[in-house]
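*Asks:* The structure follows.
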Amino acid sequence: MPASEAMPRICARRDVVGAVLLFTLQFTARAGNIEVEIKASGDTPVADAVVCATPLSGGTSALKGKAIVAQKNKQFVPYVTAIQKGTAVQFPNQDDVKHHIYSFSPAKKFELPLYAGTPPEPVVFDKAGLVTLGCNIHDWMIGYILVVETPWFAVTTGNGRAQLRGLPAGTYQVEVWQPRLKGPSARTAQRVAVSADNSPGTVNFRVDLKPDFRPRRGPTDAEEGYR
């Protein structure tokens, strides 16, 4: 089963997080930047985790703009994408076969029928929440777009690190989401203060992950079957 979509308000709420958290967190933050490192058991870096910060005082600036989620080697690239609400996303097909992209997610239902190249119009994601992507032709293809309301977000790379930049001084709720996170809400959160007198530091998340649930890839081009 894909990651739960029952968490559409990540980086959209400013209420107090419950006292029982799903992780152990030690942090310091520096003015303007919050550096994040996420690891699982065995000190394994966690890639493809969305980290975002929402000011508890309310109000965010508009970043939006454009984003790209390509189909390459019969996979969604990136596997996990984070965007601000209102962003237009292009879905270029970089393979030599056609794809049929769709989403049934409440945050954004859409369909791009069988096509090659790049569709003429991007898809605008105008509602915050988790969007799960699939392909009607290649069942193993799965990808995620997390639509947030804040302009301060990033996705961890292979080393499990990300940086949130350019935050005005204030107190923020920093939240983390990743497709394999354990827990009923598949979410972790903590308040972080950013001020001019804070010393440089990092936010260290320790999380538990479920086994990788991605479907088995179909036959390769050298084999008979799906192309």
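*Asks:* Skipping prolines and chain starts, which residues have an amide H placed within reach, meaning under 5 Å, of the one on Gly170, given they are 5 or more residues away or on another chain?
*Replies:* The list, which skips near neighbours in sequence, is Val194, Ser195.
*Asks:* Now for a separate question. If the limit is 23 Å between Cα atoms, which of Lys39/Lys108; Lys85/Lys109; Lys66/Lys109 go over it?
*Replies:* Lys39/Lys108
*Asks:* If you bin every alpha carbon distance in the stretch 61-148 into 5 Å steps from zero, what whole percent lands in each bin?
*Replies:* 3, 16, 28, 28, 16, 7, 2, 1
*Asks:* Go through 158-169, 141-152 and give me the packing order, highest mean Cβ count within 10 Å leading.
*Replies:* Packing order, densest peptide first, comes out as 141-152, 158-169.
Rule-based calculations on the coordinates, nothing more; no lab input. Only a predicted model underlies this, so the values are computations on that prediction, with no experimental measurement involved. Note that we place each Cβ from the backbone using ideal geometry, even for glycine, and neighbour counts take in every protein chain shown.
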